[in-house]
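Structure first, then comments.
The values are calculated or read from the model by the stated rules, or taken from the named source; none is laboratory data. Treat the numbers as computed from the prediction; the structure is a model and nothing was measured. Heads up, the Cβs are rebuilt from the backbone with ideal geometry, glycines too, and the neighbour counts pull from every protein chain shown. Accessible surface is based on the protein model in full, side chains and every heavy atom, while ligands, DNA and RNA are left aside. Shrake-Rupley method; radii C 1.70, N 1.55, O 1.52, S 1.80 Å.
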Amino acid sequence: MALIYGNLKLDSGSAVIILIEYLVPCGAGSGNSAGDFSAGHTTPEIFFVEACDDGVDDVLAIDRVSTEVALTAKKDIPPSAITRPICGILGTVRLVAGMYLIVITRKKKVGDLLNHSIWKATDYDIISYKKTILHLTDTQLQDNKGFLSMINHVLSIDGLYFSTSYDLTHTLQRLSNTSPEFQEMSLLERADQRFVWNGHLLREFSAQPETRGSMPFFWSQRPNLKYKPKPQINNAVNHMDGFQRHFDSQIISYGKQVIINLVNQKGSEKPLEQTFSQMVDGLGNGMVRYFAFDFHKECSRMRWERLQILVDQVAEIQDEFGYFLVDSEGKVLMTQDGIFRSNCMDCLDRTNVVQSLLAHRSLQAQLQRLGVLHIGQRIEEQVQFEKIYKNAWADNANACAKQYAGTGALKTDFTRTGKRTQWGLVMDGWNSLIRYYKNNFSDGFRQDSIDLFLGNYSVEEVYSTSPLQIQKDWKFLALPIIMVVAFSMCIICLLMAGETWTETLAYVLFWGTASIGTATIILYNGKDFVDAPKLVQKEKMD
């Protein structure tokens, strides 16, 4: 059986496409035809998962009481079992009511990579091991419902992909330099665990042990009702220890590192840029180079052509890095010996724009090397291909941004068309407003959902205290109501003037002062009013 994946890294650049993992092998056809499904058989005691491959007699048996997993034969499936078609197993998760089995029930083929099918998971089912929930208290029932909604929230995020036959967690270059023993391992055993998105959910099926700051030191930017919360650098920890371990791992995996830091070099982001620069200097590693490019300053007033300054600045290094190239006979002609580690604050908008430009330049060199483009020809001249390329990168930006921030990416008008437009600015403003609301009033639930899915928070087998049932202080309800009522009365007093202007002015001043006063109190206590995560300890968030 094959269980895998996380990220697909393109050797031509540092682009990342978020993927998901899979268990049961299925046919290689497209769509959701009957031949593409495995079968799930349910009895009161056991889940049976049957692969659809011809000649495969083994069946995965999951005991609903002991939760033990074993292989059995098809003949052991009782005729009374309830059968349903499934595409594979995503894993298991423990909630208040006990264990749940998560299966993929629908998939869609999105393409091929080196003759291997790549699929998109489009629908799921969450099946309880327990036959009843009558043993739960009212509080436990509410918590179990809350945890289930978190799992469903993560599964509802678009853009979860998998392959059953190709190792998507390693680059082509790394896969070309592996031992025969590595090739014989199952996909889960040999996977790069950093990119196994559902690794926690697969713990019952694997003997392996049990994954975001864009800048690799300890900092946070917690919502507090302000449009741009001030980032805080933790001064109570040893930054260099984690910083060095991060880059040691990066160098082992990818070779030389060129950091491109795109954060602002003024204002609230300035300390982050300074700290990152100082950390690189303190590291003193010749394999790590640092470039700071103030994206917003350089590209202000619609001067987006100035991004070429950055591309030209690192062009020689990019040529030295090369790219991975193998001929049709499997002979390695060229290897890549370094990567660009670009970042902004959230690694979403600015980062994606710069990555697309670096990948574009690398692709230009590769197509010329292969003879697809003649010397002097530019990708930009191939209008249809250029449109496909830019749309792919803009779609990638939107997919990543929706998963992390809840909206489409900013600046995608430039990624999609090569130009910054007034309409693009309007859409960025709209998405920024939505992000502000979600970051402050729904981000805690989304973070809790991800933590639960990834195993950063685990529901204990003996569930006693509830982390979800937190009583709010009176001010959380009273102050917003007072502010809304006071502001409304202020508007009414303006529209319905009194007998004299002094009377009207007095009413307006009174209600205006009340609304401004309560708004000030709310902003001052902003951290207490936002939707903060409930499942992780505060020190972990910091």
- Query: Can Pro216 be described as touching a His at 6+ places or on another chain (Cβ under 6 Å) and either within 27 Å of Lys438 (Cβ to Cβ) or hydrophobic (A, V, I, L, M, F, W, C) (or both)?
  - Reply: yes
- Query: What number of residues within the stretch 446-485 satisfy the criterion of being in a helix (DSSP H, G or I), more than 22 Å from Asn224 (Cβ to Cβ) and aliphatic (A, V, I, L, M)?
  - Reply: 3
- Item | Residues satisfying the stated conditions in the stretch 499-537, i.e. within 30 Å of Met150 (Cα to Cα) and open to solvent by less than 60 Å² (accessible area, probe 1.4 Å) | Ile522, Asn525, Gly526, Phe529, Val530, Asp531, Ala532, Pro533, Leu535, Val536
- Here the residues within the stretch 366-403 that are of a type in the set (S, T, N, Q) and within 30 Å of Leu155 (Cβ to Cβ) are Asn391, Asn396, Asn398, Gln403
- Those residues that are of a type in the set (Gly, Ala, Ser) and more than 18 Å from Thr171 (Cβ to Cβ), I need them from the stretch 306-328; list them, please. Ala315, Ser328
- For the stretch 185-212, pairs from a residue that is modelled with pLDDT of 75 or more to a residue that is in a helix (DSSP H, G or I) and open to solvent by 60 Å² or more (accessible area, probe 1.4 Å), with Cβ under 8 Å and 6 or more apart or across chains, are Gly199/Gln193
- Members of the stretch 223-251 found to be more than 30 Å from Phe441 (Cβ to Cβ) and basic (Lys, Arg), listed by number: Arg245
- How about the stretch 464-490: which of its residues are open to solvent by less than 50 Å² (accessible area, probe 1.4 Å), touching a helix residue (DSSP H, G or I) at 6+ places or on another chain (Cβ under 7 Å) and within 13 Å of Leu535 (Cβ to Cβ)? Ser466, Leu468
- Query: Any idea how many residues of the stretch 126-180 are outside any loop (DSSP other than H, G, I, E, B), modelled with pLDDT under 90 and of a type in the set (Phe, Trp, Tyr)?
  - Reply: 2
- Which listed residue is within 30 Å of Val237 (Cβ to Cβ) and not hydrophobic (A, V, I, L, M, F, W, C), from Lys527, Lys472: Lys527
- Message: Need the failing condition index for Thr43 against (1) open to solvent by less than 20 Å² (accessible area, probe 1.4 Å); (2) at pLDDT 90 or above; (3) closer than 30 Å to Thr137 by Cα, just the number.
- Response: (2)
- Task: Kindly provide the set of residues from the stretch 76-127 that are farther than 14 Å from His41 by Cα and hydroxyl-bearing (Ser, Thr, Tyr), ordered by number.
- Result: Thr92, Tyr100, Ser117, Thr122, Tyr124
- Item | Residue check, Lys266 over 23 Å from the mean Cα position of the chain (by Cα) and surrounded by 13 or more Cβ atoms within 10 Å (Cβ to Cβ) | no
- Would it be correct to say that Ala394 is at pLDDT 90 or above, aliphatic (A, V, I, L, M), open to solvent by less than 20 Å² (accessible area, probe 1.4 Å) and in contact with a helix residue (DSSP H, G or I) (Cβ under 7 Å, 6 or more places away or on another chain)? yes
- Message: Looking at Ser176 and the list (1) more than 20 Å from the chain's Cα centre (by Cα); (2) within 16 Å of Glu461 (Cα to Cα), which single condition is not satisfied?
- Response: (2)
- Message: Take the residues in the stretch 63-102 that are β-branched (Val, Ile, Thr), assigned to a strand (DSSP E or B) and over 20 Å from Val459 (Cα atoms); name whichever of them is most open to solvent (accessible area, probe 1.4 Å).
- Response: Ile82
- Message: So in the stretch 338-367, with the set limited to residues that are aliphatic (A, V, I, L, M) and open to solvent by 20 Å² or more (accessible area, probe 1.4 Å), which one is nearest to Tyr254 (Cα to Cα)?
- Response: Ile339
- Task: Among the numbered conditions (1) at pLDDT 90 or above; (2) touching a Ser or Thr at 6+ places or on another chain (Cβ under 8 Å); (3) basic (Lys, Arg), tell me where Lys228 comes up short.
- Result: (1)
- Message: Filter the stretch 114-156 down to the residues that are more than 21 Å from Leu452 (Cα to Cα) and surrounded by 13 or more Cβ atoms within 10 Å (Cβ to Cβ) and list them by number.
- Response: His116, Ser117, Ile118, Trp119, Lys120
- Looking for whichever is open to solvent by 30 Å² or more (accessible area, probe 1.4 Å) and in contact with a Phe, Trp or Tyr (Cβ under 9 Å, 6 or more places away or on another chain) here; the options are Thr407, Thr335. Which one fits? Thr335
